[in-house]
1. How about segment 31-54: which of its residues are part of a loop (DSSP other than H, G, I, E, B) and either within 14 Å of W21 (Cβ to Cβ) or free of Cβ contacts under 8 Å to residues at least 12 places away in the same chain (or both)?
2. Would you please name the residue that is nearest to the chain's Cα centre (by Cα), looking only at residues in segment 8-27 that are without any contact (Cβ under 8 Å) to a residue 12 or more places away in the chain and over 30 Å from G87 (Cα atoms)?
3. Could you tell me whether any residue of segment 93-105 is under 21 Å from I19 (Cα atoms) and touching a Cys at 6+ places or on another chain (Cβ under 9 Å)?
4. Inspect segment 7-25 for any residue being part of a helix (DSSP H, G or I), touching a helix residue (DSSP H, G or I) at 6+ places or on another chain (Cβ under 8 Å) and over 30 Å from V124 (Cα atoms) and give the result as yes or no.
Amino acid sequence: MPIEFICLGALILLALVNIFWAGSTRTRQYGRDWNTGARDEQMPPLNPLAGRLLRAQANLFETLPLFVAALLGAAFLDRLGWKTEVGALLYVISRAIYLPLYAAGTPKVRTLVWTLATAGLLLVWWALMFG
C-alpha cells in the first residue's frame with residue numbers, strides 16, 4: 001500500500017480521535033442528558049478545553065476534504081511520487097501534533113505546525129496539478 005494511503009487511514013483515525021475527544025469534553029461539561037438529547041436548549045459557553053477541541057476539529061475539517069481530494073486526484077492521474085509522499089506525511093504528522101498543541105492552548109508554535117500541515121497539503125495539490 002502506498003504511504004499516502006497509510007497517511008489517509010491515519011488521518012481518518014486522527015479525525016475520529018478529535019471528534020471523540022471534543023465530544024467527551026462537552027459531555028463532561030453538559031452531562032449525558034445533553035449528549036443523548038436533541039440539544040435544542042441554550043447552553044452556557046464551553047469551558048476552555050472543550051472550546052479549543054471543538055475549534056481544532058473545525059479547523060481539521062476545513063482542510064481534510066481538500067487533502068483527500070488532492071490525494072485521490074493525484075492517485076487517479078497516476079501522479080503519486082515523492083511530492084505526494086512528503087506532502088501526505090507532512091500534513092498528517094503536523095495535524096497529529098496540532099491537536100494536542102491546540103488543546104493545550106499553545107500559541108505561535110501551533111500556528112507554525114498548522115503552516116507545515118498546509119505546506120504538505122499544497123505539495124500534494126502541486127503533484128495533482130503539475131505532476
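1. Result: G31, G37, A38, R39, D40, E41, Q42, P44, P45, L46, N47.
2. Applying the filter and picking the extreme gives S24.
3. Scanning segment 93-105, I find at least one residue that is under 21 Å from I19 (Cα atoms) and touching a Cys at 6+ places or on another chain (Cβ under 9 Å), so the answer is yes.
4. Taking every residue of segment 7-25 in turn, at least one turns out to be part of a helix (DSSP H, G or I), touching a helix residue (DSSP H, G or I) at 6+ places or on another chain (Cβ under 8 Å) and over 30 Å from V124 (Cα atoms).
A short reminder: the numbers here are calculations on the coordinates, not readings from a lab. Nothing here was measured: the structure is a model prediction, and the numbers come from that model. Glycine also receives a Cβ, built like all others from the backbone with ideal geometry; neighbour counts cover every protein chain displayed.
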